[in-house]
Structures are given as structure tokens and as C-alpha cells.
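> Below is a structure I'd like to ask you about.
Read-outs: derived from the displayed coordinates by stated rules, not from any lab. What you see is a predicted model, and the numbers here were worked out from it, not measured in a lab. Cβ placement follows ideal geometry from the backbone for every residue including glycine, while neighbour counts extend to all protein chains displayed.
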Amino acid sequence: MGEGVTVSGDIAASSDIRIDMWSKLGSRVEVGGNAYLGEFVTIDGKLLVEGDLDVGKEVKIRGGFEAKGWIVVRNPVPVIIFLFLYIREMMRLGKGEEIEKAVEELFEDSEDSQDFEGKEPSENIMIIPAGAKISPEVIEVAGEADIGSNCLLIGNIRAQTVETGKNLTLKGSVYSEGKIIIGESSTVHGNLFSKGQVHIGRNSRIFGGIKADSVLMHENARVDGTIKAPSGVSFLREAAEKQILVEVNALGKGIVSKARELPKGVLQDDLIKAPDVAEIVSLIKSSAKAKNGFVPGRKRKTARTQALERTRRFTGARTYRKEKSGD
């Protein structure tokens, strides 16, 4: 959890939990691993820790706590003074590269790069940004809300933008200043309100209405309520996945590949069959003797011109016969 987070319900973590400074937890907190509490954290209920407990300055646990591991109380003021004196001395000596290297090694957390219980951290860690408010009624975030896959949330969500993964179950409405993206196979038992675009993935269902500037939804998605979108509603259709046995070239002839092999697992009935491929006859005549129709590169002749050409051909042929007979 980031700085200044407020949670009014119970918290249960199967492994470690890290809470930054000025956060307020209003009820019971159970930790299956180690617990790290920042400065000025307040817990109204009881804290149960299976591992080590590391707390900062001015931490208040009003319901008491139980920790089975080590308990460490930190006081960061001397460390900050030491760092200040160290950096000032190194800058005086002109060793800026050594300062940068020392700071990187000091704040490097090798645990963040390791897998968490054998899986990727993004699939197992819940990150609550600074200034967030979580209660059974509302989940409020000042910035962007990015919700992973296979999540179950109860309460309304308020954020600048909201994007969810697959298989989300939300029992509440979503209010956003920007985009709202609902992943595939998700279910929302509430309304969607956005000043931007709402995108609903495949096989998702909204048990409520949608009010946004524009809506883009998959053709298999379903909305039970009213959709109000001044800029319009668009439906996303998937491209055909079936293969075509016959390809048609630019002249309209069907090209059938005899060597075409069907992919593994694809049956002959699953393919699109072309019935009778007929050659398309072009409207442009290719013969110069065509009487009807347009011939490219040939000018249209009048009846008088055609009659003079016939007379010249006839006269020329008769003159040629006379010359032959005179010889």
C-alpha cells in the first residue's frame, strides 16, 4: 500500500504485507508472512503476524498485536542524517559516480525481482497506490486503476481510468473521467459511467446501463441496461477463421492448389467450399473485329467512312485482277 491509504475493512494476506507511512487501517489485519509498517501508520484493530514485524516511528496499533518472529522498531532520523553527511562529503571530493552507485545499492530491493511463491509477482501482488480509499461501499483511486485477471471486487470504483483483466467479477458500478476497459469473460453487476470511451471485451456481461461519450463492444458481449453514447456505439466483429479452398485471381479464374494440405485437426467439412468457379467474361473486347462494344485504341467510324473503305477495297481488288489478266 502506498502513502495515505485508508482501508475501513479487514485485511488478510497469505504472505508479506507492506504499508507505507500515514496509512489508516480501520479493522483487523492478519499477515501470513512478514509485516512492514511505515511511519505514522494507525491500525484500529488487532495485528496478527506469522513472521517478523518491522515497524517505523509513531506506529499505533490500538487493538494490540501478536508476532511469532522478530520485532524491529526503526528510527530513520539517524540514517537520514548519516546519508546527508556522506553525500555532502562525497560531493565536496567530486565523486559523483560513487554517490550514484552507493544510493542504488542502498535502495535496491532484491526481493522485488524474485518470484513470489513460484509465480510472477504481477499475478500475486495487490498494489494499492498512494491516497487510495477502500471500503465496502467504494474503491477510490486518484489516478489510474489497473485490475488484474480472476478478481472479485465488491463496491463502486472511482478512478481517472479503469482497465481490467479477464474473468473479473465486480459487484458495483464504475465511475471514470477517462476510458473504461472491461476485459474478456467479465461480469459487472452495476453501471458504467465515463466521459470517454467504454470498451467491453468478448463474452462479457453488464447487468446495468452504460453512459459514455462512445461505446466499443464485442459482438458477443451483452448489456442488459440502456446505452447512452452521443458519439455512437460500435460493435467489434472477429475476422473469419475458416480457410478457403479456392483463390480467385484478377481475371476471375479460380486457382486450386492440388498440393494444399489441411492443417492438423481441421476437417474437410470445416472449410469453405467454392461450388462452381466460373470464369468472368470481361466487358472489354479483345478482338479488333468486334462489331458491338468498345475496342481500346480504336476510333469509332461513321457510316460514310465505312462505305468509302469498302469501295476502295472493292476497286483495288478489281484493278488487281485486270493486271493479272493483262499479264
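> Round to the nearest 0.05 the FRET efficiency obtained for Arg88 and Ile154 when R0 = 51 Å and r is the Cβ-Cβ distance. The partial results should precede the final answer.
Details: r = 51 Å, r/R0 = 1.00.
Once rounded, the FRET efficiency stands at 0.50.
> Which listed residue (Leu216, Gln160, Ser135) has the Cα farthest towards the positive end of the charge dipole for the stretch 133-236, taking +1 on Lys and Arg C-beta and -1 on Asp and Glu C-beta about the Cα centre?
Leu216
> Tell me which residues come under 5 Å, amide H to amide H, from Ile61 once H is placed; ignore anything under 5 positions away on its chain.
Amide H neighbours of Ile61, under 5 Å, 5+ apart: Ile43.
> For the stretch 6-74, what is the relative contact order in percent, using Cα pairs closer than 8 Å and at least 6 residues apart in sequence? Each step should come with its number before you reach the end.
On the way: 207 pairs, mean separation 17.8, N = 69.
Averaging sequence separation for qualifying contacts and normalising by length gives 26 percent for the stretch 6-74.
> May I pose another question? Return Thr169, Thr161 ranked ascending by Cβ neighbour count within 10 Å, so the fewest neighbours appear first.
On the way: Thr169 13, Thr161 17.
Arranged by neighbour count, lowest to highest, Thr169, Thr161 become Thr169, Thr161.
> Taking the Cα-to-Cβ direction at Lys171 and at Ile127 and moving 7 Å from each Cα, how far apart do the two end points lie in nm?
For the pair Lys171/Ile127, the computed spacing is 2.8 nm.
> For a footprinting-style exposure proxy, rank Phe65, Phe82 by other Cβ within 10 Å, fewest first.
Details: Phe65 19, Phe82 10.
Sorted ascending by nearby Cβ count, the order is Phe82, Phe65.
> Tell me, what HN-Hα J-couplings in whole Hz come from the Karplus equation 6.51 cos²θ - 1.76 cosθ + 1.60 at θ = phi - 60° for each residue of the stretch 203-215, using x for Gly and Pro?
6, 9, 9, 10, 8, x, x, 10, 10, 7, 6, 8, 10
> I would also like to ask the following. Counting other C-beta atoms within 10 Å, which of Lys57, Lys101 has the fewest, and how do the rest follow?
Working: Lys57 14, Lys101 11.
The most exposed by this proxy come first: Lys101, Lys57.
> On to the next question. With θ set to phi - 60° and the Karplus curve 6.51 cos²θ - 1.76 cosθ + 1.60, what are the ³J(HN,Hα) couplings of the stretch 58-68 in order, to the nearest whole Hz, using x for Gly and Pro?
3J(HN,Hα) across the stretch 58-68, in whole Hz: 6, 8, 10, 10, 6, x, x, 8, 9, 9, 8.
> On to the next question. Measuring from label point to label point, each 7 Å out along Cα→Cβ, what is the Glu144 to Val72 span in nm?
3.3
> Name the residues whose placed amide hydrogens come within less than 5 Å of the amide hydrogen of Ser234, ignoring near sequence neighbours (fewer than 5 apart) on the same chain.
When sequence neighbours closer than 5 places are left aside, the close amide H contacts are Val215, Leu216, Met217.
> Full-extension gain between Ser231 and Ala102, please, as 0.36 nm times their residue separation minus the C-alpha to C-alpha distance. Mind showing how you got there, number by number?
Details: separation 129, 0.36 × 129 = 46.44 nm, distance 5.43 nm.
My answer for the length gained is 41.0 nm.
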